[in-house]
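The values are calculated or read from the model by the stated rules, or taken from the named source; none is laboratory data. Since we're looking at a predicted model, the values are computed, not measured. Virtual Cβ from ideal backbone geometry, glycine too; neighbours counted across all protein chains shown. Ligands, DNA and RNA are stripped out before the accessible areas are found, and what is left, the full protein with its side chains, is counted by its heavy atoms. Shrake-Rupley method; radii C 1.70, N 1.55, O 1.52, S 1.80 Å.
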Amino acid sequence: FTDAFRHDIEKKLGVKIKKTGIKPEIYLSEEEKSWVNQVEVEFGWKGAFWLINAGYKPDNELKFYPRWQEVVDAFNEYFKGAVRLVQVGHVNHHHPRLKGVYDLVGRTDLRQLIRLAWWAHGTIGPLSFQFVLSAAYEQPHVVVAAGKEGVRWHIYPHGRYLYTNGALNCCLWDGCWKGGDKGKCVDLVPGSGPRCFELIRPYMIVDAVKMYYEGGRLDLTRGK
């Protein structure tokens, strides 16, 4: 699939594109890496942090996980301030503000977000840009995917991919691929959202983060 895309781009642009691997390719200059990161500049925090994307685009509310505040509370209870959460998101998208996080929603341009992800221990969020950044850096990330899309399109070995495909009749094999308003979902939980998201409990997301520290991939005592 990726080779076909590369060949198509080569044909359209009239240039040769070097084949590397299947992960995204994003590069930072050594100068950018030497700068003080935005979290330290804005909040004075020099320790470890994770980025959390807890929102959704206006045209796809079905991708929204409704229990992010519970995730933040459980995360902060476990790490007790040793690791912080930094909320990010596009200013024109829906990002309900969370308590217990450093808030950078609407305060990063694209390049700032790319640099911020490089400094982070990892990212948490839905199937969105934050996990693509982590994949490019071969960085820990937790994706709350539920049953919206096909599993085979998104998993990288260094990420924890929380999906519910196969547990519901509406996404037995592939995802349902439904977007837009909640009324398009065939299995809504009253007062919440799609059942495929409801099946993913907040503790599962925090446990996925904890695994990286318990396994030795990450160290609580250091920043980047």
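What the table below lists for this structure:
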| read-out | value |
| --- | --- |
| Under 26 Å from Lys46, Cα to Cα: lysines that are on another chain or at least 8 residues apart | Lys33, Lys80, Lys99, Lys210, Lys224 |
| 5 angstrom amide H check on Gly122, placed H, neighbours 5+ away | Leu51 |
| Nonlocal amide H pairs with Arg160, under 5 Å, H built at 1.01 Å | His141, Val142, Val143 |
| J(HN,Hα) series, segment 117-126, from Karplus relation 6.51 cos²θ - 1.76 cosθ + 1.60, nearest Hz, glycine and proline x | 5, 4, 6, 6, 5, x, 9, 10, x, x |
| Sites matching chymotrypsin sites (Phe, Trp or Tyr not before Pro) across segment 1-31 that sit in DSSP coil, with at most 12 neighbouring C-beta atoms within 10 Å | Phe1, Tyr27 |
| Sequence-distant lysines (8 or more away, or on other chains) whose Cα lies within less than 29 Å of Lys12 | Lys23 |
| Other-chain or far-sequence residues with amide H under 5 Å of Asn37's (modelled H) | none |
| Positive minus negative residues near Glu61 (Lys, Arg vs Asp, Glu; Cβ under 14 Å) | +4 |
| Inter-part distance where segment 32-64 and segment 130-185 are each reduced to a Cα centre, Å | 20 |
| Fully extended contour minus Cα-Cα distance, from Ser29 to Thr2, at 0.36 nm per residue | 7.1 nm |
| Anchor Lys184: lysines whose Cα lies under 18 Å away (excluding residues fewer than 8 positions away in-chain) | Lys57, Lys63, Lys148 |
| Protein accessible area in the chain, 1.4 Å probe - carbon and sulfur % | 55 |
| Whole-number accessible area per residue in Å² for the chain, which is evaluated in the context of all protein chains at 1.4 Å | 54 |
